[in-house]
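The values are calculated or read from the model by the stated rules, or taken from the named source; none is laboratory data. Everything numeric in this text was worked out from a predicted model, so none of it was measured. Cβ atoms come from the backbone with ideal geometry, glycine included; neighbour counts cover every protein chain shown. What goes into the accessible areas is simple: the full protein's heavy atoms, side chains included, and nothing from ligands, DNA or RNA. Shrake-Rupley method; radii C 1.70, N 1.55, O 1.52, S 1.80 Å.
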Amino acid sequence: IMKKKILILSASTGGGHNRAARAIEEELSKLDIDCEIIDSLKFVSKMVDKVISTGYEKSALYTPKAYGQMYKISDTDIVRKGMDKNLILKYMTSRLEKLLKEKRPDGVIGTHPFPVMALSKLKEKKEMHIPLYSVITDYTIHSAHIAKEVDGYIVGDEYVKSLLEYNDVATDKIYTYGIPIEKRFLDPVDSLAFKNDLGLNDKFTVLLMGGSFGAGNITEVLKDLISIKENIQIIIVCGRNTSLLLKVTKFIKTHSVNEKEIIVMGFTEKMNALMSISDCIITKPGGLTTTECILKEVPMIVPFYIPGQEKENLDFLLNNGLAVKPEKNLNLEVIIKTFIADQSKLERIKASMRYCKKEDSAKKIALLLEEKTKNI
């Protein structure tokens, strides 16, 4: 028997789409299904990738407000109706059609809306006849997610399911499996040993990070954290943003950091262990980061976000008791102080996370794809 083959189409706008893709790949290969992850934007053309991915990175970092506006504007019917005329999408559709002819997969799953939208066009024109699935990696939807010919949507929560239904997607096409996370992320960690390795003490630990690009005003937050009287230790992860790493290191050198243990690192493969030893995390609410925090039950404090889907992720977190957002009167210092003084505040958030978490998402997705490509 020929091995089944599944294409996973991702994109490098933010770290999440690729991480979700890798999680699905890992589970598919366990089922002895051939799979290949294709960064659809890079594949379509270097230029398109530059415009969209770098555009996302730059606009998200430097002009988040404008990115938010663009996100809003693109989330309207005008854009949907204009997609046929959209040259990038047209080009993407023809490139992906070539790819399908060359790879001849039995099914396709996308972790980014653009390639899914392009393939839906091919299915509409009857130029593609295999199952097409879409993984929504945020706790909200964008009209770009909804495409006629998608056979199934994998979503992170029942709220997102209701949102799709509200936008006329058939109930039997929606699977609330959760957002897929790589298995190793949930490996048990010996917290005390890991703290020792890092040279940290066994005391209240705050993890501060700004997403894969290190967006968010980390030094502002650090200023607030340093002024906390309580005895805390801080781990700062700057991601792939080297200028942020320099900025933070410099900031710590120039400010009298009264004996607080502060560890600064760039990109790290140890996020699982770092989350395991942290009492709370200060982060922006990207879809994958949010999912990892929920699965690891690390209470979130969200002082910054990129307008657009992250703002909607934050709404989801706040509405479900999974995060706290600093406000003028309830500043970061007051929140951390309260967390230390009253552990039940943290416990309550963890309990909400236990209710919300969806385990084995990637495995369920892999089994679904196996099932749906069985008779092809």
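Odds and ends about this structure:
- The range 253-376: C-alpha pair distances exceeding 24 Å, %: 40 percent
- Full-stretch length increase - residue 319, residue 190 - with 0.36 nm per residue and alpha-carbon distance subtracted: 43.2 nm
- Here the scattering of the range 320-374 is modelled by Debye summation over its C-alpha atoms, one equal scatterer each and no solvent; at q = 0.16, 0.29 Å⁻¹ the log10 of I(q)/I(0) is -0.63, -1.08.
- Residues of type lysines that residue 121 reaches as a straight line, Cα spacing below 16 Å, ignoring anything fewer than 8 places off in the same chain: 81, 85, 90, 98, 101, 148
- Over all orientations, the range 92-134 has a Cα convex hull whose mean projected area works out to 2.6 square nanometres.
- Tail weight of P(r) past 19 Å, computed on alpha-carbon pairs of the range 134-244, percent: 65 percent
- Fraction in percent of alpha-carbon pairs per bin - 10 Å, the range 147-194: 23, 37, 17, 14, 8, 0
- Solvent exposure, largest accessible area first (probe 1.4 Å, DNA, RNA and ligands not counted), of 363, 250: 250, 363
- Near the amide H of residue 280, within less than 5 Å, lie the amide hydrogens of 205, 207, all on another chain or at least 5 residues away, with H placed in the peptide plane.
- In order through the range 149-158: 3J(HN,Hα) via Karplus (6.51 cos²θ - 1.76 cosθ + 1.60), integer Hz, x for Gly, Pro: 9, 6, 7, x, 10, 9, 10, x, 6, 4
- Per residue, the accessible area of the range 242-296 comes to 44 Å², computed with a 1.4 Å probe over protein heavy atoms only.
- Computed over neighbours whose Cβ is under 11 Å from that of residue 304, the net charge equals +1, Lys and Arg +1, Asp and Glu -1.
- Each part gets one Cα centre, and for the range 318-376 versus the range 188-254 those centres are 21 Å apart.
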